[in-house]
């Protein structure tokens with residue numbers, strides 16, 4: 001089995017750093033790059049793209065609410081048409097920086113509260129995915145499990161690659177459990193590793209309520225802003241490569257199937 005190992009990067013701002021991006025780039029196969037709304041700025045984006053290009057790592061736009069203070073994790077009441085334009089704006093920002101660096105963007109993903117809302121609401125997912133398709137129909141949508149996003153992507157002619165969020169709890173429908181609930185974010189590295197091993201060995205995850213849920217994912221996401229992310233990513237990579245799987249970026253996985 002081919003598995004992509006990805007992380008959210010470029011989430012600092014100005015002189016403030018978030019996570020250990022350089023170290024993570026030595027482990028992962030693709031990066032979701034903040035585009036200046038929930039985090040990041042043009043210089044950080046340029047550095048992140050340059051580092052990714054030097055290492056041959058796929059890059060994608062990590063699109064969120066315009067909420068730096070809340071790190072994009074607070075739901076915002078924004079008109080859908082305006083929100084769709086914000087999606088295009090962020091895609092264009094990273095695509096432009098990548099082009100100037102002689103590199104290409106392969107995918108996109110929704111960040112934080114925006115991603116959670118789109119995953120649970122088909123009426124929101126469709127115009128946002130249509131905005132992505134209008135910008136570039138070749139982009140891959142990297143998403144946590146979501147029927148709303150999968151159906152909207154299919155309507156818009158976009159490809160979806162499901163990503164397993166190793167440190168986040170899932171409900172029985174395969175959606176992420178809200179962060180306000182206890183144990184919605186799993187901080188124990190061993191517990192996160194055990195979840196990854198279960199996914200790799202058996203293809204499922206245990207939900208928040210204790211049920212077994214199939215997880216047909218192509219990718220494993222490690223949050224770059226969590227303590228110990230680099231060590232965790234290395235242990236996950238070792239587990240993947242020590243088994244019957246290979247680490248392959250999503251873009252290469254899908255290209256091999258065409």
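When the Gaussian network model of the chain links Cα atoms closer than 10 Å, the mean-square fluctuations of 108, 76, 25 top out at 76. Between residue 234 and residue 79, the distance separating the two model label sites (each 7 Å from Cα on the Cα→Cβ line) works out to 5.1 nm.
Taking 39, 123, 113 as the candidate residues, the one with maximal mean-square fluctuation in a Gaussian network model of the chain, Cα springs under 10 Å, is 123. Across the stretch 75-205, C-alpha contacts under 8 Å between residues 6 or more apart give a mean separation that, scaled by the residue count, equals a relative contact order of 18 percent. Does the stretch 1-138 come out rounded, prolate or oblate, given a ≥ b ≥ c as the square roots of the eigenvalues of its C-alpha gyration tensor, rounded meaning a/c under 1.5 and, failing that, prolate meaning a/b above b/c? It is prolate, given that a/c is not under 1.5 and a/b is the larger ratio. Extension gain, residue 246-residue 180: 0.36 nm per intervening residue step, less the Cα-Cα distance, totals 20.3 nm.
For the stretch 61-209, a/c is not less than 1.5, where a ≥ b ≥ c are the root eigenvalues of the C-alpha gyration tensor, and a/b tops b/c. That puts it in the prolate class. By its C-alpha gyration tensor, with a ≥ b ≥ c as the square roots of the eigenvalues, how is the stretch 203-258 shaped: rounded for a/c under 1.5, else prolate for a/b larger than b/c, else oblate? Note, shape of the stretch 203-258 comes out oblate. Rounded to the nearest 5, the antiparallel percentage of DSSP beta bridges internal to the chain is 20%.
You can think of it this way: the chain between residue 194 and residue 101 has 29.6 nm of extra reach, that is 0.36 nm per residue less the Cα-Cα gap.
Estimate the FRET efficiency between residue 257 and residue 69 by the formula 1/(1 + (r/R0)^6), using the beta-carbon distance for r and 51 Å for R0, to the nearest 0.05. Working from the Cβ atoms, E equals 0.80. For the chain, relative contact order (Cα pairs under 8 Å, six or more residues apart, normalised by length) works out to 23 percent. Per-residue ellipticity at 222 nm computed for the chain from its helices equals -13000 deg cm²/dmol, with DSSP H segments shorter than 4 residues left out and the rest contributing -39,500 (n - 2.57).
Within the listed set 230, 160, 248, the Gaussian network model of the chain (springs between alpha-carbon atoms below 10 Å) gives the highest mean-square fluctuation for 248. Computed from Cα atoms alone, the Kirkwood hydrodynamic radius reported for the stretch 2-256 is 18.0 Å.
Every number in this text was worked out from the coordinates using simple rules, so none of it is lab data. Remember, it's a predicted structure, so these values are computed and weren't measured experimentally. Virtual Cβ from ideal backbone geometry, glycine too; neighbours counted across all protein chains shown.
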